[in-house]
Amino acid sequence: KGDIRVEALRVADVFRAKVVDTSTSSFIFELTGTPDKIDSFIGIMRELGLVEVGRTGVVGMTRGPEGA
């Protein structure tokens, strides 16, 4: 709540995490990148009160109509 909530959004912006859901007491962020980047994000968010993390691991995806 309060300043911690603002700080969480600021950190998410720095890491280019996307807010996919929010309530008055929580956020759900989507973040892609290297394992080091994600670990850094999680470490900072833990200091701000991170409660739960779900990681899918490495996912390969094609881009554009050529991949379809």
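The values are calculated or read from the model by the stated rules, or taken from the named source; none is laboratory data. Quick caveat: nothing in here was measured; it's all calculated off a predicted structure. Backbone-built Cβ (ideal geometry, glycine too); neighbour counts: all protein chains shown. Side chains are part of the model used for accessible areas, which takes the heavy atoms of the whole protein and leaves out ligands, DNA and RNA. Shrake-Rupley method; radii C 1.70, N 1.55, O 1.52, S 1.80 Å.
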Being loosely packed, with under 10 Cβ neighbours inside 10 Å and over 22 Å from Arg5 (Cβ atoms) is the filter here; which residues of the stretch 19-38 pass it? Thr34, Asp36
Among the residues listed as Arg16, Arg46, Arg10, the single one being at positive phi, open to solvent by 90 Å² or more (accessible area, probe 1.4 Å) and at pLDDT 85 or above: Arg16
Can you tell me which residue in the stretch 37-67 is nearest to Phe15 (Cα to Cα), limited to those that are more than 13 Å from the chain's Cα centre (by Cα) and part of a helix (DSSP H, G or I)? Glu47
